[in-house]
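**Q** Shown below is the structure under consideration.
The values are calculated or read from the model by the stated rules, or taken from the named source; none is laboratory data. Worth saying up front: this structure is predicted, and the values here are computed from it rather than measured. Positions of Cβ are backbone-derived with ideal geometry, glycine not excepted, and every protein chain shown enters the neighbour counts.
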Amino acid sequence: MFTDGERMFLLYSFSPYVLLSTDDWPGLKFTSVREKAFPSDLDSDGLPLRNSINPVDYDADHWLHIAHKVHPDKRYSFWAVLIDKQTLLPAKISDRPLLRAGASAPASTVYACSAICRAEDLFVFAGIDDCAAGTWRLARSTLDRHWTPMASFRPC
């Protein structure tokens, strides 16, 4: 869930993308505001992208969302996504995983839970092997070099 200050949004599903909204707080009567299927190559490996964290402000035009794929060995890979604040649709996705077990931590399971975007960097907070927590810092300039339009995404 996240808000634009007027409405509460619920990102129900990432693939297919289903975004619900309510301005009836606390009544929670949600209506569908966006539904979109992405190109078939998004899930071509048979692993759908799923929601991970609640979207947070990234810049004046986007919210940052993190989505994940679950591999058969229960290893998670996480991608950063920019959701356009005007269209309410995902506009860009990182061209490579942002975080994953093994590569990001010597662990069998890493699960991103939240993120904080600051002027110069991004912090991602995650659980590690269900017994610890970790924080990863990434310079925004590095992340900004790796955005690709959603239509061009080819999972690695």
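**Q** Sort out which residues of segment 50-80 are outside any strand (DSSP E or B), closer than 22 Å to Leu20 by Cβ and without any contact (Cβ under 8 Å) to a residue 40 or more places away in the chain, and write them in order of number.
**A** The one that is outside any strand (DSSP E or B), closer than 22 Å to Leu20 by Cβ and without any contact (Cβ under 8 Å) to a residue 40 or more places away in the chain: Asp61.
**Q** Within segment 84-106, which residues are more than 20 Å from Gly5 (Cβ to Cβ), over 14 Å from the mean Cα position of the chain (by Cα) and assigned to a loop (DSSP other than H, G, I, E, B)?
**A** Those that are more than 20 Å from Gly5 (Cβ to Cβ), over 14 Å from the mean Cα position of the chain (by Cα) and assigned to a loop (DSSP other than H, G, I, E, B): Gly102, Ala103, Ser104, Pro106.
**Q** What about Lys29, is it loosely packed, with under 14 Cβ neighbours inside 10 Å, among the basic types (Lys, Arg) and either more than 22 Å from Trp147 (Cα to Cα) or at pLDDT below 90 (or both)?
**A** Against the criterion (loosely packed, with under 14 Cβ neighbours inside 10 Å, among the basic types (Lys, Arg) and either more than 22 Å from Trp147 (Cα to Cα) or at pLDDT below 90 (or both)), Lys29 qualifies.
**Q** Given the conditions (1) at pLDDT 90 or above; (2) surrounded by 11 or more Cβ atoms within 10 Å (Cβ to Cβ); (3) out of contact with any Gly (no Cβ under 8 Å at 6 or more places or on another chain), which single one is not true for Thr142?
**A** (2)
**Q** Give me the residue from segment 60-78 that is of a type in the set (Gly, Ala, Ser) and surrounded by 13 or more Cβ atoms within 10 Å (Cβ to Cβ) and, out of that set, farthest from Ala101 (Cα to Cα).
**A** Restricting attention to segment 60-78, the residues satisfying the condition of being of a type in the set (Gly, Ala, Ser) are 60, 67, 77.
Next, from what is left, pick out any that are surrounded by 13 or more Cβ atoms within 10 Å (Cβ to Cβ): 67, 77.
Details: Ala67: 15, Ser77: 7 Å.
Within segment 60-78, the match that is farthest from Ala101 (Cα to Cα) is Ala67.
**Q** Give all pairs with beta carbons closer than 7 Å in which a residue from segment 1-18 that is farther than 14 Å from Thr87 by Cα meets a residue that is surrounded by fewer than 14 Cβ atoms within 10 Å (Cβ to Cβ) and among the aliphatic types (A, V, I, L, M); count only pairs at least 6 apart in sequence or on separate chains.
**A** Met8/Met1; Leu10/Met1; Pro16/Ala37
Let's see how each residue does on (1) under 12 Å from the mean Cα position of the chain (by Cα); (2) not hydroxyl-bearing (Ser, Thr, Tyr):
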{"site": "Ile53", "(1), (2)": "yes, yes"}
{"site": "Val56", "(1), (2)": "yes, yes"}
{"site": "Trp63", "(1), (2)": "yes, yes"}
{"site": "Lys69", "(1), (2)": "yes, yes"}
{"site": "Pro72", "(1), (2)": "no, yes"}
{"site": "Ser77", "(1), (2)": "yes, no"}
{"site": "Leu82", "(1), (2)": "yes, yes"}
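**Q** Got a sec? Which of Ser152, Ser108, Ser104 is modelled with pLDDT under 95, crowded, with 16+ Cβ neighbours inside 10 Å and not basic (Lys, Arg)?
**A** Of Ser152, Ser108, Ser104, the one residue that is modelled with pLDDT under 95, crowded, with 16+ Cβ neighbours inside 10 Å and not basic (Lys, Arg) is Ser104.
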